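Peer 1: After the structure tokens below, expect a handful of questions from me.
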Amino acid sequence: MTKYYIAGHRGMVGGAILKRLEARKTAGEDICILTRTHSELDLTDQDQVRAFMQEEQPDKVILAAAKVGGIHANNTYPAEFIYENLMIECNVIHQAYAAGVRTLLQLGSSCIYPKAVAQPMKEDALLTGTLEPTNEPYAIAKIAGIKLCESYNRQYGVDYRSVMPTNLYGPGDNFHPENSHVLPALIRRFHEAARDGIEEVVIWGSGKPRREFLHVDDMAEASLFVLDLDKSTYQANTEPMLSHINVGCGTDISILELAEMVAEITGFEGKITNDPSKPDGTMRKLMDVGRLSDLGWSASISLRRGIEQTYDWFKEEYSTKDLRK
């Protein structure tokens, strides 16, 4: 039996990975899946994580837990973003090693790459320039996670891997009006505008920045694909201190074009305007997914189909809730 521990199983990505592992178990694969809620296990607490790892002795760890948010949240809570993410990574990775875990997958973010970097962004762009100021604390924490995995691999011979997803969305996303990422924020705003008969929706920035979006179900599939690669294949396609793998769909869209797509899907027929006084962030963020493609994986869910599915989930999930909260 293989015992998996998913850190962050209640999050969007962790939840999608959990469903896929549960499907494997139902199909007859001999696996055990470990999960803990935050109230059961505080991943920023070293003693709690040590006790959990020593008691449960998982075979494989999937580190999907993180403190995440959009531009507003990153600007407002920079100390929380760097502290909590560093503590989670340090505790889970080190205590996994101390408990004898040989295989671990850590999920990061495309924000690890410099602000001014050639597009699409290749893995070797890491640490070649200055980070985007709006999310630098979070990015530094995610870079540290990569280097933790690589350092433990070098010193202790374990097999700890990192995948760097582009912007993710899908069922289970955060639709908070202030702390969410751009796509769920747009879904909620256009839904409310269409529902309430509002004639105009204002979006942050110029609308010109381009972003890549990957459905969470594709991310879950890619994560398990990378985790399942045999060690020789993984090492043959990476480098000891450049071992992370980008995960994306390989195409991008402008924020204005995205807003227009969301407006159409949600039934909003009013006017879309821009607020150039708000920050744009990085003007373009597109992942080079050649490394993952060469290994045999590519995304399968189109952006329109993914947004439609996510909007259906949003309407069902929030149909009886007060969307003002």
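Each value in this text was obtained by applying a stated rule to the coordinates, not by laboratory testing. Being a predicted model, the structure only gives us computed values, none of them experimental. Note: ideal-geometry Cβ built from the backbone for every residue, glycine included; neighbour counts use all protein chains shown.
Peer 1: In debye, nearest 20, what is the charge dipole magnitude of region 252-325 about its Cα centre with +1 on Lys and Arg Cβ and -1 on Asp and Glu Cβ, if you could check?
Peer 2: 220 debye
Peer 1: If Lys and Arg each add +1 and Asp and Glu each add -1, what is the summed charge of the other residues whose beta carbon sits under 12 Å from the beta carbon of A23?
Peer 2: 0
Peer 1: Give the Rg/Rh ratio for region 30-77, taking Rg as the radius of gyration of the Cα atoms and Rh as the Kirkwood radius, to two decimals.
Peer 2: Ratio value, two decimals: 1.09.
Peer 1: Modelling each spin label as a point 7 Å along the Cα-to-Cβ direction, I'd like the D124/E55 distance in nm, to one decimal.
Peer 2: Reported label-point gap for D124 and E55 is 4.7 nm.
Peer 1: Turning to a different aspect of this structure: Whole-Å semi-axes of region 189-288's equivalent ellipsoid, largest first, each the root of 5 times a Cα gyration tensor eigenvalue?
Peer 2: Working: eigenvalues 281, 55, 15 Å².
With the √(5λ) rule applied to region 189-288, the semi-axes are 38, 17, 9 Å.
Peer 1: Would you mind calculating the gained length between Y156 and A116 on full extension (0.36 nm times residue separation, minus the Cα-Cα distance), in nm to one decimal?
Peer 2: Details: separation 40, 0.36 × 40 = 14.40 nm, distance 3.48 nm.
My answer for the length gained is 10.9 nm.
Peer 1: Looking at region 25-68, which GluC sites (Glu not before Pro) are in a loop (DSSP not H, G, I, E or B) and have at most 13 other Cβ atoms within 10 Å?
Peer 2: The qualifying sites are E29, E40.
Peer 1: Which value, in debye to the nearest 20, gives the size of the charge dipole of the chain about its Cα centre, when Lys and Arg are +1 and Asp and Glu are -1 at the Cβ?
Peer 2: The calculated dipole for the chain is roughly 280 debye.
Peer 1: With the radius of gyration and the Kirkwood radius both derived from the Cα set of the chain, what is their ratio Rg to Rh?
Peer 2: That ratio equals 0.96.
Peer 1: Here's something else I'd like to know. Taking the Cα atoms only, what angle lies between the long axis of helix 12-26 and the longest principal axis of the chain, rounded to 10 degrees?
Peer 2: For helix 12-26, the angle is close to 60 degrees.
Peer 1: Something else about it: Under 5 Å between amide H atoms, partner at least 5 residues away or on a different chain: which partners does I203 have, H built in plane at 1.01 Å?
Peer 2: HN-HN under 5 Å from I203: T273, N274, D275.
Peer 1: Further question: May I ask you to evaluate 6.51 cos²θ - 1.76 cosθ + 1.60, the Karplus curve with θ = phi - 60°, for each residue of region 56-68 and list the ³J(HN,Hα) values in order in whole Hz, giving x for glycine and proline?
Peer 2: Per residue, the Karplus-derived 3J(HN,Hα) values read 8, 6, x, 8, 9, 10, 10, 9, 10, 7, 6, 8, 10 Hz.
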